[in-house]
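The next block holds one structure in the form of structure tokens; read it before the comments.
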Amino acid sequence: MDAPNPFLLIIFTCFLFLQNAPFFGVAFSVAFPKAISDKLKYDLQTISLASKDYGLMVQHNPYAVFFPVTGHDVAGLIRFMYMLPVPLHIAARGQGHCVRGQALVDQNGVVVNMTSLGGLRQKTSRIVVTTTSPLGPYADVGAEQLWIDVLHATTQKGLSPVSWVDYLHITVGGTLSNAGISGQTFRFGPQINNVYELDVITGKGESLTCSPTNNPELFYSLLGGLGQFGIITRARIALAPTPTRVKWVRMLYTNFSSFTSDQESLISRDPSNAPDYLEGLLLLQLNAGDKSSFYPLPDQPKISSLVSQYGIVYVLELVKYYDQHSSSSVDQELETLLGGLKFEAGMKFVKDASYEEFLDRVHTDEVALRALGLWEVPHPWINLFVPKSRIADFDSGVFRGIIQKRNLTSGVFLFYPMFKNKWDERTSAVIPDEEVFYAAGFLLSSGFKDWETVDGHGRDILKFCEEAGIEVKQYLPHFETEKDWINHFGRKWSVFRQRKSMFDPKHLLSPGQKIFNV
Ligand code: FAD
């Protein structure tokens, strides 16, 4: 447990005093004004919920949790904190689905519970869809909104965002502070490339609107900015006509080079003959007999023996969207799309699903894992971007040399390519310096007692890459030293630091990222 901060104790004492004698407010310049204190909570349950995240590896009790109803409330809090002689911290918390304490603060700070924005109004009242504009259709979305709610609100109008994340029960603000990647990134870029405008409260408490033409420096800082420059309260997100159904395909490969060359050839095609979504995953075990599996029951023994024979089976996952107009031609399109691919004979599996069933697939897993008590467990994840030129070394050193050799079956391992030119260099996001690079996700889970051992595998992966000279970049990055952050940002570091001094000069925001508060 963190020791209570004496300075905050003084404020707290003043606060208690003011609660009983508000007319003394002017005499206590460091006490929270009533407009702020009315929205602060200190009870054990609230503090406890804000003290941990999805990773369950780091815990910090904040001094209090702030429940804003409007952006104005957030601005009031930040302005007040900015004026204090001793810098205190503020962390926006979306769903707290980061894994290494990035949305936490200790006793020297306040967590802003973003999900209270909008107050008691209907949850999705802060999603407003505009169907016609010179920009094309878009949605103005409160940053606290979940992607699943964005999906529901936009599809009602026959539209939806074009670039997604694999899991939709996270907030718009939280993902835009990272990048937002999934199997559509190869075509549309990450989610941060599909935003027209943001409302933000900077670290000085200024409420600003920004876009590529209005306050562009702030706009690009915030995208992928790890919460360092301001609290986003609204995002204008690009929309396109929505499909209603998908053909969802998995093909199994035993040869890494065939797997990746098919992935790359598919994403390089003209959109008319390309998948709408493409990812890849490793299959390290398959217990035949699982009715909820993607793979049909009669095929499971064959797949299982393939896995036993090769240790790792590579799964190319793709999706072709369709709707009522294209339903008669989609099977033919799929056949053309898959023709000539080098997957193992007979190892192609196709499912027909609604667009929502497909997009919300991880939530289906969540429900199953929650039922087994396996969702709220430590998650020592690491996510990397691997330059294409080194993927063969990555396969032999990491997939074969660490994951397979150590029999790490408790987790999901993703591997899929994307193009550098679909990322906007002006944003704060960091990617490798190669035209094609792969997202490699090691989504490990562990018990409460052994997470450090499991986390050690992630450290070994990073160590292997460093020793082999594979210039990976971490996605959802986590570092403990300034030197590592400087190395991570590379040539973007000086701009990142300069932007910090412009927009959050007192280093109030998102200290849990440990960039300026190491
Ligand atoms: P939080 O964890 O609450 O916050 C993350 C960081 O952003 C913190 O530093 C916080 O202070 C800051 N922040 C939060 N809201 C705001 C705001 N409004 N303004 C400024 N800063 C803010 N990511 C992908 O890209 N692709 C995926 O496919 C994907 N899949 C995932 C699947 C699961 C099961 C999980 C748990 C995570 C996944 N993620 C994925 C990672 C996810 O995008 C990030 O962890 C994201 O930060 C989660 O959003 P959140 O609302 O929980 O943010």
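What are the trypsin sites (Lys or Arg not before Pro) within segment 258-317 that DSSP puts in a loop, where the Cβ has at most 16 other Cβ atoms within 10 Å?
Those satisfying the criteria are 269, 291.
Just the accessible area for residue 262, please: 1.4 Å probe, Å², rounded to the nearest 10?
10
So for 221, 410, 354, what's the accessible-area order with a 1.4 Å probe, most first?
Listed by decreasing accessible area, they come as 410, 354, 221.
Hey, what does the equivalent ellipsoid look like for segment 371-518, semi-axes from the Cα gyration tensor as sqrt of 5 times each eigenvalue, largest first, whole Å?
Whole-Å semi-axes of the equivalent ellipsoid: 28, 21, 14.
Using the structure shown, list the pairs from 34/500; 320/463; 342/483; 348/463 with a Cα-Cα distance above 32 Å, or answer none.
In this structure, 320/463; 342/483; 348/463 lie more than 32 Å apart at Cα.
How big is the Rg/Rh ratio for segment 365-438, C-alpha atoms only, Rh by Kirkwood, two decimals?
Using only Cα positions, Rg/Rh for segment 365-438 is 1.07.
So what is the relative contact order for the chain, in percent, with contacts set as C-alpha pairs under 8 Å and at least six apart?
Averaging sequence separation for qualifying contacts and normalising by length gives 16 percent for the chain.
Quick one: helix 361-371 against the long Cα principal axis of the chain, what's the angle to the nearest 10°, folded into 0 to 90?
Helix 361-371 and the main axis of the chain meet at about 70 degrees.
Kirkwood hydrodynamic radius of the chain from all distinct Cα pairs, in Å?
24.2
Work out the length of the dipole vector of the chain about its Cα centre, built from +1 on the beta-carbon of each Lys and Arg and -1 on the beta-carbon of each Asp and Glu, and round it to the nearest 20 debye.
Taking the Cα centre of the chain as origin, the dipole is about 760 debye.
With every protein chain kept in place and ligands, DNA and RNA left out, what is the accessible area per residue of the chain? Probe 1.4 Å, answer in Å².
42
To the nearest 10 degrees, how steep is helix 256-268 against the longest Cα principal axis of the chain, on a 0 to 90 scale?
Relative to the chain, helix 256-268 is tipped by roughly 70 degrees.
Restricted to Cα positions, what overall size does segment 119-242 have along the principal axes? Three whole-Å values, descending.
39, 38, 30
Just to check, using Stokes-Einstein with a Kirkwood Rh over alpha carbon pairs, what's the diffusion coefficient of segment 306-444 at 25 °C and 0.890 mPa s in µm²/s?
D = 134 µm²/s.
Across the chain, where is the longest run that never hits GluC sites (Glu not before Pro) in a DSSP loop with at most 13 other C-beta atoms within 10 Å?
Formally, the longest exposed-site-free interval is 1-375.
Share of the chain's accessible area from carbon and sulfur, percent, 1.4 Å?
The C+S portion of the solvent-accessible surface of the chain is 54 percent.
Placing +1 at every Lys and Arg Cβ and -1 at every Asp and Glu Cβ, with all other atoms neutral, what dipole size does segment 245-475 have around its Cα centre, in debye to the nearest 20?
In total the dipole reaches around 480 debye.
Could you work out how far helix 300-310 tilts from the main Cα principal axis of the chain, as a 0 to 90 degree angle to the nearest 10?
Rounded to the nearest ten degrees, it is 90.
The values are calculated or read from the model by the stated rules, or taken from the named source; none is laboratory data. The model shown is predicted, which means the values in this text are computed figures rather than measured ones. Glycine also receives a Cβ, built like all others from the backbone with ideal geometry; neighbour counts cover every protein chain displayed. When the accessible area is computed, the model is the full protein with side chains, heavy atoms only, and any ligands, DNA or RNA have been set aside. Shrake-Rupley method; radii C 1.70, N 1.55, O 1.52, S 1.80 Å.
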